[in-house]
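What follows is a set of notes on a single structure, which appears directly below.
Read-outs throughout are calculated quantities, based only on the coordinates presented, and are distinct from any laboratory measurement. Worth saying up front: this structure is predicted, and the values here are computed from it rather than measured. Cβ placement follows ideal geometry from the backbone for every residue including glycine, while neighbour counts extend to all protein chains displayed.
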Amino acid sequence: MYWADLTPYRHEEYAAIGTKAIGWLSAKYEFSQGEVSPEFRDLLRFFCSHSIMQMRGFHVCEFCSDPRSEASQEDGLWLGNAETRVFYQEQVYAAPNLIYHYVLKHNYKPPDEFINAVLNGPKPGSKEYENLLKQIPYLDL
C-alpha cells in the first residue's frame, strides 16, 4: 500500500482527525533518501517495538532482492505486520512498522517534521503517549 509522505492517513476509523501518513513506500514510487542520526534510528526502533494494528500476515519489503529474505525481521523485531503512531504538537503520524527496515536498509529519510516528532514527542510507554493512543477511535488497546 502506498501513500505519499505527509498525505492524509486513509484508514480514518483508526486515526485521529488530521493524521498524516509516513513511510508507506512502494517500489513503484521514488522516496527521499539520506542520512539520519543514530538517535533517530534508535528511537524509531523503539516506536516500532510498540506497534498497534497488528495484522495476521506480513507485508514483505518490495525493495529487497529476495522477497523471502529476513526483511520482515530487523534487530530482533518482526516488521511488516503492524503500525506505529507518533505524536507531536497536536499532530499524529501513522507509519507501518516496516519503516524501521526502510530507514536501516534502504536509506529512507522521512520528512524532517516526522524526524523532529520522533525525537521530541512523547515516547511509547509514557502516560502521555498512552493517553494519546486512547483518543484514537476504534483502536482496540
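Taking a threshold of 27 Å on the Cα-Cα distance, which of the pairs 105/134; 28/134; 20/123; 20/134 fall above it? Intermediate values should be presented prior to the final figure.
Working: 105/134 32 Å; 28/134 35 Å; 20/123 18 Å; 20/134 18 Å.
Pairs exceeding the cut-off: 105/134; 28/134.
Multiplying the residue separation of residue 29 and residue 62 by 0.36 nm and removing their Cα-Cα distance gives an extension gain of 10.8 nm. With a simple spin-label model that places each label point 7 Å from the Cα along the Cα-to-Cβ direction, the separation between residue 36 and residue 2 comes to 2.0 nm.
Which of the peptides 22-32, 90-100 is most tightly packed, and how do the rest follow, going by the mean number of other Cβ atoms within 10 Å of each residue?
Numbers: 22-32: 16.2, 90-100: 22.7.
Output ranking for 22-32, 90-100: 90-100, 22-32.
Ordered by the count of other Cβ atoms within 10 Å of each Cβ, fewest first, 127, 105, 20 give 127, 105, 20.
What is the gain in length, in nm to one decimal, between residue 135 and residue 104 on full extension, counting 0.36 nm per residue of separation less the C-alpha to C-alpha distance?
Details: separation 31, 0.36 × 31 = 11.16 nm, distance 3.05 nm.
Length difference between fully extended and current span is 8.1 nm.
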